[in-house]
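Here the structure comes first, spelled out in structure tokens, and everything after it is commentary.
The values are calculated or read from the model by the stated rules, or taken from the named source; none is laboratory data. Since the model is a prediction, treat every value here as computed from it, not as a measurement. Here the Cβ positions follow ideal geometry from the backbone for every residue, glycine too, while neighbour counts run over all protein chains shown. We work out accessible area using only protein heavy atoms, side chains counted, and drop any ligands, DNA or RNA first. Shrake-Rupley method; radii C 1.70, N 1.55, O 1.52, S 1.80 Å.
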Amino acid sequence: WKKDEFKRCDQTIFCREYRNLDIGSSKWYVSDVNLTNGKVRARLVNEDDGEAEHGGSLILHLSAYQDGIVRVKVKEADQKKKRFEVPDVIVKELEEKRLWIQRLIEKDGASMVVLSGHEVVLLHKPFQLYVRNGKETLLSLNAKGLFHFERQREKREGENWDDTFRSHTDTRPHGPQSIGFDVSFYGADFVYGLPERATGLTLKPTKGAEIVSEPYRLFNSDIFEYIYESPFGLYGAVPVMQSHGEKRTTGFFWLNAAEMVVDVLAKEKAEEGAAEEVSRVDTHWMAESGAFDAFFFIGPGPKDVIRQYTSVTGKSIMPQFFATAYHQCRWNYKDEADVFQVDAGFDEYDMPYDVLWLDIEHTDGKKYFTWDPVLFPNPKEMQDKIAAKGRKMVTIIDPHIKRDNNYYIHKEAQSKGYYIKNKHGADFDGWCWPGSSSYLDMLNPEVRSWWADKFSYSSYQGSTPNLYIWNDMNEPSVFNGPEATMERDNIHYGGVEHRDVHNAYGYYFHMASVEGLMKRGENNDRPFVLSRSFFAGTQKVGAIWTGDNNADWDHLRVSVPMLLTLGLTGITFAGADVGGFFGNPDAELLTRWYQLGAYYPFYRGHAHLDTKRREPWLFGEPYTSLIRESLHTRYALLPYFYTLFREANVNGLPLMRPLWMEYPSDKHSFAIDDEFLLGKDILVHGVYSEKAVSEEVYFPGSQPWFDVRTGASYSGGQTVQVPVTLDSIPVYQRAGSIIPRKDRFRRSSFQMENDPYTLVIALNGTYEARGELYIDDGKSFDFEKGAYIHRLFTFADGRLTSTNLAPGNKGTKEFTTSCLVERIILLGLKSKDLSSHRVLVESSGTQVSAEIGPSLLRKGYHQTNSLVVRMPKVRISDDWSIKVL
Amino acid sequence: LNLRGVAPQDEKYYQSAVIKCRDGSKSFPQERLNDDFCDCADGTDEPGTNACPEAKFYCRNSGHRPLILFSSRVNDGICDCCDGSDEYDGKINCRNTCWEAGEKSREKLKKKLGVYKEGSGIRKKDVENSRILRRQHEGELVPLKRDEKHLKSVVDKLREIKLVLLLEMSLVAALLWWQCCRRRITRPEKEAVEKEEKRAREEKERLEKEEREKRERESTPAKEASQQAEDVSHQVEEQAEDPKIPRTTEEEEEVVDNSEHTDEEDDELANLTEEERGRVIAARWTGEDVSDIKAKAEAESANPLESTSSYDDESEALDEANVQPEDVEDEDYGHHSAYEDASIESESLDDDEASWWSRLKAAPSALLKMFSFSRSHPVDISEAERIRKEFREASDKLQGVQSRITELEDRLKQDYGKDGEFYSFHDKCFELKDKKYTYKVCPFKDATQQEGHSTTRLGRWQGFKDDYKSMVYEHGDRCWNGPERSLRVKMRCGTKLELRSVDEPSRCEYVAELSTPAMCLESKVKELERQLVVQEIPQDGSHDEL
């Protein structure tokens, strides 16, 4: 990591100044509070300002939305230049959920708004804002007096606004305009969120008496060989934080795309001794520029906060089914012959995969939308050949455009004036893969629309319906720019400076590419575009991955908290490169990575150009078999994954969840980040060290957990030193759950479409269990018109029942499937119930047999603790009941 | 009895009413055979469906070769068997293409057989020729060894005589020197001489001690000019022999490598143009060679004076390193080069010291005259020269014989395969011209990649691997930020000996294909003939009950 190429806080003007401020230094007070249009409007005045002081006061708008969301906006009463408000992040539907505030209560120097179940109190002097729930305070703004707002002003004589870092000078033509403030989370033990960085799940204090740390930085950067445990920001930024304590979860989101830093303040010594009623976490937020547009989420639970946040920024896009399976990537599969050889390798070793990826070398001179004429002379035939086995391909399309006058994209973009401009108004010219490059101004909807057209089959020569897209380098990465990105005084659409839009640039580029695939597919082929950079709202356009990680154990380990953090900020379709991008993993590390990656929402193997080949069959036995097993595990669980993706699509919940999301009052679980829940029913604990013989696994809750390979059970609420071998990582199914699987091996997910289901029932102490299954066509948007199946499976009174969970009036389209249930596996039966017997399929009146059998169909798996119902032959889409016991 | 997917030789296994899973885990009644539910984890009960993940499906492929499929291919909508038997659920209709495919495959097989037949003939001849050549080489070695023994004794004798002569001449020189310079002889000087003699005796354990002594001597200010002269000669010798010197240059290379990861680079980047900086940063990912830019950056960031002097240091170090091997060689020849050493020494002497040397050199006759005074049997100068000449000639000849012996022994000790089929590879190199590069693969030596005038070594010979199916080269030139290059040459039967392709599937790991008759084994010809016979037997299609 080239640390010196990136700014530290003390090299960043606003960060240095804000960080040195004293608690209580804020000088703002409230006046003129009133209600207009169902919103509270108030004036903020600075004590130091004289009556006619230039700069004037600030205007605060307070509004509220259904489901516990409070929004506060603050802006200059007299804006010199309009502050940039990040468009296309907040969903349009939010406005429909706005509550019309009817009444304002004035009392004791404060104004109060009463909402359903909570109140907002605006304290007048000093200016402070509290979100409360009766007597209980949930959240506060400026309770520590760190609210500062640099109003835009004229340059004073002799004043120099230039900011020089290394050889780059930022002219800051509009001068200082930073914003800083404190937010406190009450009833919180920890705070989480603020991706992206390679650190643990909990956000440790960065400021306090004995702490020497940089603040958490949100500034999208292409960091070469990023390191483990550093508060520096990586490729994406989501300025949202979630707090959690035993009784309460709350959240805070600041919609601002400028460089931002956040300090988590350590508890002061005196405070610890004092009779503090509730624990509290104080945080200090600072941004270089942009607007003050903040959201408070009141919870009360972790899932509530995520639902509230995603109702503001959008729910996860429903992925194509293939995209939830395994992806094979490398920089680079060299030519068509190499592609076919890798494809054939998977078949030869009976390993399933769904997508083969091509990195930058497939292009003609790094000109995106082109093919190297020597290496890839017949791209269509190549894709067709891969697609004949139900597989897809992905090509990379980056935002830097080669300044080559024979390149149509460049010619058009240049003539239409679609590039980002430098401070002099000329097209910005930076260095990236193709050499001298310009960058499309994706903030401009017209540019996005033009870009989207480039994905049409007629425009993108050599593309087919089986080709999907990968966006890299969209931070944007500019090799010769300050901090490997572009100058902050570059100019975007509408005269917006790059400094204001920086963190969202990658999001707009991602959005434009997704728009392209939407157009290409006539709005009925779900787009799949993977992006490296991301921002709040990325979940509604596509997937991301954690960028250029290393082939070492630390990076394997940190992938879990990184992905958990993304999930908490709404971005659930994410994964880390399996194997590690840089360097050569040994066979054991690679195997462990495949075993863990099988539970990542996005599962892709990738490798750097300089690394040894590492297609999963190249390491010999036992590794080849173990990696194959990991791939099969993923494929078997695809129905469960897809059901979870639908849950994310409906209510924003992540697939990968920290334990406390499902067990919010289990204090022991709050800081655990070496294991996670996939959905609520599968507990996964990676193996993060060489030659491990055991792992410490914490089993949350009060019900047991069943080892998915052996059926062995472990009671909840305890930590167990579980023995491990190279064969597998510890994975468990929750007692009381029913998980749908497809256990038959196939080449790719495409061939699994009509395969029968296996239902794995893990019974709890009262012999009950419950599970869901969502199915649709896996590719179109017909599901939005009702073309899907949503089943509920319940086990009670010795009977398994399948009922419809979809609403009756779900829409006009329909989806059907003839898939059967071929096997029902019951775990958690007492030995008296573990015996071969006849089972009655009540709906059809037929009898089938139940026998003791294994929960996994592999050589050498003999189990005596599970009962298997043979071929009940009921349709997965029908209502039915089976009397098992 | 549903025997779908069962190989004919296994049909018997399924005849009983209760069938055992092959892994012994359990048994199943016959009606559960191919009932589309997996009872045996090893797939015994479902050879014809895809219910068991580990089952295998056998397709007969009448008219072509039988095929064994993973169960994942059964009814997956893709025709894998040419007889279409793997797709029977009616979702897709697979045409039976076995006869065409069989024809094609038989054609291919015939062609292959032809190549093998011809190749194995060539191979036979090659092996025979190699055997003859090998015998010749072995035969050549016997007289050579005899010659070597003889020449060695001649050379030893001559060396002895020459040594005596040299000793005598040294004595004279010492005498002369004593005459002209005796006033200057002091005790420390004597001690130094003694020390030097002792050192010569203890040559083997000298390395560390020498280093110490060197430092000792250097730290003592040399008061006497003669001692200084002595010291200079020591230093020249020591530096030349100092095994540290070549390491120094390696260290410098390492330093250059490391500098790419230090903060210095960051400062240097500041001196570059926008484009150059872009290229340097891009190179972190790509490994593109940007040393030219970096050198520029270094030059610009460093003090120009310092940088010049550091270049000088480097070239000096290199020069010293170059001196070394020559000196080592000289040592092998014994002390006859003492004369030359002295002449090097003389250059570094003060005028005073030089004067006696020039006198000594200028007056050989006077010297000899003096010499004869002190000797009982006089030596004449032409005799000395004759002996020197004879010695030179004899040792040259010995050298020639010895190098041929070494060459032959080196050749004969190599591994040339089971039948010595690779014996003729010894003197061969195989070349292939690509668009950009010329690849040159020399068995038993090394493999290179040439682009214009620059040559990159892909690896040094490591031997045959994979049961003589590949040749392996390793430890080639290191890649920037990557591994040492390596090459694996896969050999295939072909009638011509030629390099067919070179590829680089992983960065810096090359794979080449060489066609050679050496791989056309007679046993393989038989096997191919058998295969062809099997394939040509028309198979009974009606047996297919599917």
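The figures follow:
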quantity: For A:L885, net neighbour charge (Lys/Arg +1, Asp/Glu -1) across residues whose Cβ lies under 11 Å away; calculated: +2
quantity: Rounded, prolate or oblate (a/c below 1.5 giving rounded, otherwise prolate when a/b exceeds b/c) for the range A:735-838 by Cα gyration tensor; calculated: oblate
quantity: Using a Förster distance of 25 Å, the FRET efficiency for B:I92-A:L618 (Cβ separation, nearest 0.05); calculated: 0.15
quantity: Chain A: calculated mean residue ellipticity at 222 nm from DSSP helix runs of at least 4, using -39500 (n - 2.57); calculated: -5000 deg cm²/dmol
quantity: Student exercise, chain A dipole from Lys, Arg, Asp, Glu Cβ charges, in Debye to nearest 20; calculated: 2120
quantity: Area of B:E498 that stays accessible when all protein chains are in place (1.4 Å probe, Å², to 10); calculated: 70
quantity: Accessible surface buried once A binds B (1.4 Å probe; total of both sides; Å²); calculated: 4500
quantity: Helix A:553-568 vs. chain A, principal-axis angle (Cα, 0 to 90°, nearest 10); calculated: 70
quantity: Of A:K107/A:K135; A:K92/A:K411; A:K612/B:K418; A:K667/A:K832; A:K155/A:K207, pairs whose Cα-Cα distance is over 27 Å; calculated: A:K92/A:K411; A:K612/B:K418; A:K667/A:K832; A:K155/A:K207
quantity: Enclosed volume per residue, in Å³, of the convex hull spanned by Cα atoms of chain A; calculated: 169
quantity: Theoretical FRET efficiency, 1/(1+(r/R0)^6), r = Cβ-Cβ of A:D586 and A:K135, R0 51 Å, to 0.05; calculated: 0.30
quantity: Computed accessible area, B:R488, all protein chains, 1.4 angstrom probe, square angstrom; calculated: 80
quantity: Portion, in percent, of the accessible area of the range A:128-199 that falls on carbon or sulfur, probe 1.4 Å; calculated: 42
quantity: Two-site label geometry, B:H475 and A:T766: point separation in nm, points 7 Å out along Cα→Cβ; calculated: 7.3
quantity: Minimum 40 Å² accessible area buried by the other protein chains, the range B:22-53 residues, probe 1.4 Å, relative to alone; calculated: B:R32, B:F37, B:A41, B:N50, B:P53
quantity: Spatially proximal lysines relative to B:K152 (Cα-Cα < 22 Å; intrachain offsets below 8 disregarded); calculated: B:K162, B:K389, B:K397
quantity: Heavy atoms of A:S213: accessible area, 1.4 Å probe, square angstrom to 10; calculated: 40
quantity: Per residue, in Å², the accessible surface of chain A once ligands and nucleic acids are set aside, probe 1.4 Å; calculated: 33
quantity: Restraint check, A:K779/A:K873; A:K27/A:K73; A:K73/A:K144; B:K108/B:K496; B:K125/B:K524; A:K303/A:K540, Cα-Cα greater than 21 Å; calculated: A:K779/A:K873
quantity: 5 angstrom amide H check on B:S27, placed H, neighbours 5+ away; calculated: B:C21
quantity: Percent accessible area from carbon and sulfur atoms, the range A:1-100, protein chains only, probe 1.4 Å; calculated: 43
quantity: Farthest positive-ward along the range B:21-117 dipole, Cα basis, beta-carbon charges - from B:Q30, B:A41, B:G102; calculated: B:G102
quantity: Among the listed pairs A:K392/A:K454; B:K435/B:K469; A:K334/B:K56; B:K428/B:K465, those beyond 22 Å (Cα-Cα); calculated: B:K435/B:K469; A:K334/B:K56
quantity: Prolate/oblate/rounded call for the range A:279-415, Cα gyration tensor, a/c under 1.5 rounded; calculated: oblate
quantity: Anisotropy class of the range A:149-198 from Cα gyration tensor, a/c 1.5 cut; calculated: oblate
quantity: Inter-site label distance for B:T406 and B:S382 at 7 Å from Cα along Cβ, in nm; calculated: 3.7
quantity: Inter-site label distance for A:E229 and B:H150 at 7 Å from Cα along Cβ, in nm; calculated: 7.7
quantity: Two-site FRET efficiency, B:A295 against A:Y408, from Cβ-Cβ distance with R₀ of 41 Å, rounded to 0.05; calculated: 0.60
quantity: Neighbour-limited loop hits for GluC sites (Glu not before Pro), the range A:497-543 (at most 16 other Cβ within 10 Å; DSSP other than H, G, I, E, B); calculated: A:E522
quantity: Residue-wise HN-Hα coupling along the range A:358-372, computed from phi with Karplus coefficients 6.51, -1.76, 1.60 (Hz; x: Gly, Pro); calculated: 10, 8, 4, 6, 6, 7, 8, x, 6, 9, 5, 6, 10, 10, 4
quantity: Shielding of A:598-610 by partner chains, average beta-carbon count, 10 Å; calculated: 2
quantity: Threshold 20 Å² - residues in the range A:710-747 whose accessible area is reduced by that much or more when the chain is no longer isolated, probe 1.4 Å; calculated: A:R744, A:F745, A:R746, A:R747
quantity: Antiparallel bridge percentage (DSSP; both residues within the protein assembly as shown; nearest 5); calculated: 85
quantity: Degrees, to the nearest 10: A:302-313 long Cα axis against longest axis of chain A; calculated: 60
quantity: Chain A - Cys residues lacking any other Cys C-beta under 4.7 Å; calculated: A:C329, A:C432, A:C819
quantity: Long-range amide H partners of B:V511 with built H, under 5 Å; calculated: B:R488, B:D503, B:E504
